[in-house]
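Contents: one structure, followed by commentary.
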Amino acid sequence: MSDGQLALELGHRPALGRDDFLVAPCNAEAVAWLERWPQWPHHALALFGPQGCGKSHLLEVFRAHHGLATKIIPASQLNATDSLRMQLDAVTIVDDLDDLADETALFHLWNRTKEAGATLLLAGRTAPTRLKVTLPDLRSRLGGLHAVGIGVPDDSLLAAILVKLFADRQLRVGEDVVTYILGRAERSFAALGEMVERLDRQSLSRHKPIGLKMVREILAANDDRQGELTWI
């Protein structure tokens, strides 16, 4: 096989167990609230935080921790008809709230879960009060919703997340690689995830382990791409 040969994409399975979730000051409040269910003061709760901060992982951990069989519904798939007819579980979970297209569907779901004594758990990138919701009744409900933010991670959490991202793909890297990436890459969950994915693909296509040389090349390519975008 040549160095330029396409890598066979086998995919990877992120670890989603409770022991895999990394608790830190930036997410400890969210974890505490989810562990406290069903002793919540209201029937609904919202989690919000930047892309890649662990919201979806937390939702999976929440289901497993409490032994819930409920599905996680993407907000983009909500529609008013289904919201009125669907069988309600003890908890209804809606993720990616920023992608909500049918406000009436969420309004119906809110009312039905409350009337049934069930729980509604929402998650998204933006705080509910800042969502661009036009339906007055829904906007009012979201305005009074208890929302828990997941904050910006510190260096130790970023390092731990980076190690976990590599481990999820069964990749072993040295401490020097982790330190180098954190010192130069964009400091966001999403950017670290993209970085690990690109390194994984390069490692597969070149049949070489991930080392500092490969990391430098990926970061240099990122810088060149950003430079091109600046001049467009």
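The values are calculated or read from the model by the stated rules, or taken from the named source; none is laboratory data. Just so it is clear, the model here is predicted, and its values are computed rather than measured. Don't worry about glycine lacking a Cβ; one is built from the backbone with ideal geometry, like all the others, and counts go over all protein chains shown.
Residue check: Ser205 meets all listed conditions (1) touching a residue at least 24 places away in the same chain (Cβ under 8 Å); (2) more than 17 Å from Cys26 (Cα to Cα); (3) within 19 Å of the chain's Cα centre (by Cα) but one, namely (3). The requirement of being under 18 Å from Arg130 (Cβ atoms), exposed (fewer than 14 other Cβ atoms within 10 Å of the Cβ) and small (Gly, Ala, Ser) is not satisfied by Ala69. Tallying residues that are under 16 Å from the mean Cα position of the chain (by Cα) and modelled with pLDDT under 80 within region 13-47 yields 9. Residues that are surrounded by 14 or more Cβ atoms within 10 Å (Cβ to Cβ), modelled with pLDDT of 85 or more and either β-branched (Val, Ile, Thr) or outside any loop (DSSP other than H, G, I, E, B) (or both) within region 139-160 comprise Arg139, Arg141, Leu142, Ala147, Val148, Gly149, Ile150, Leu158, Ala159, Ala160, listed in sequence order. Determine which single condition Lys132 fails, assuming it passes every other condition in (1) crowded, with 16+ Cβ neighbours inside 10 Å; (2) closer than 23 Å to Ser76 by Cβ. All conditions are met except number (1). Filtering region 62-92 to residues that are of a type in the set (A, V, I, L, M, F, W, C) and either closer than 22 Å to Pro136 by Cα or not assigned by TED's automatic domain parsing to the domain that holds Leu142 (or both) leaves Ala75, Leu78, Ala80, Leu84. Filter region 74-93 down to the residues that are out of contact with any Asp or Glu (no Cβ under 7 Å at 6 or more places or on another chain) and in a strand (DSSP E or B) and list them by number. Val91, Thr92, Ile93 - these are the residues of region 74-93 that are out of contact with any Asp or Glu (no Cβ under 7 Å at 6 or more places or on another chain) and in a strand (DSSP E or B).
Taken residue by residue, region 173-184 has no member that is assigned to a loop (DSSP other than H, G, I, E, B), touching a residue at least 12 places away in the same chain (Cβ under 8 Å) and under 30 Å from Phe48 (Cβ atoms).
Taken over region 45-67, the residue count meeting the criterion of being closer than 20 Å to Asn27 by Cβ and either in a loop (DSSP other than H, G, I, E, B) or among the aliphatic types (A, V, I, L, M) (or both) is 13. Take the conditions surrounded by 13 or more Cβ atoms within 10 Å (Cβ to Cβ) and under 30 Å from Leu68 (Cα atoms) and apply them to Arg187. Does it pass? It is false that Arg187 is surrounded by 13 or more Cβ atoms within 10 Å (Cβ to Cβ) and under 30 Å from Leu68 (Cα atoms). In the set (1) buried (at least 17 other Cβ atoms within 10 Å of the Cβ); (2) β-branched (Val, Ile, Thr); (3) assigned by TED's automatic domain parsing to the domain that holds Thr70, the condition left unmet by Thr104 is number (1). Entry remark, region 113-131: residues being in contact (Cβ under 8 Å) with a residue 40 or more places away in the chain and over 19 Å from the mean Cα position of the chain (by Cα) number 5 in total.
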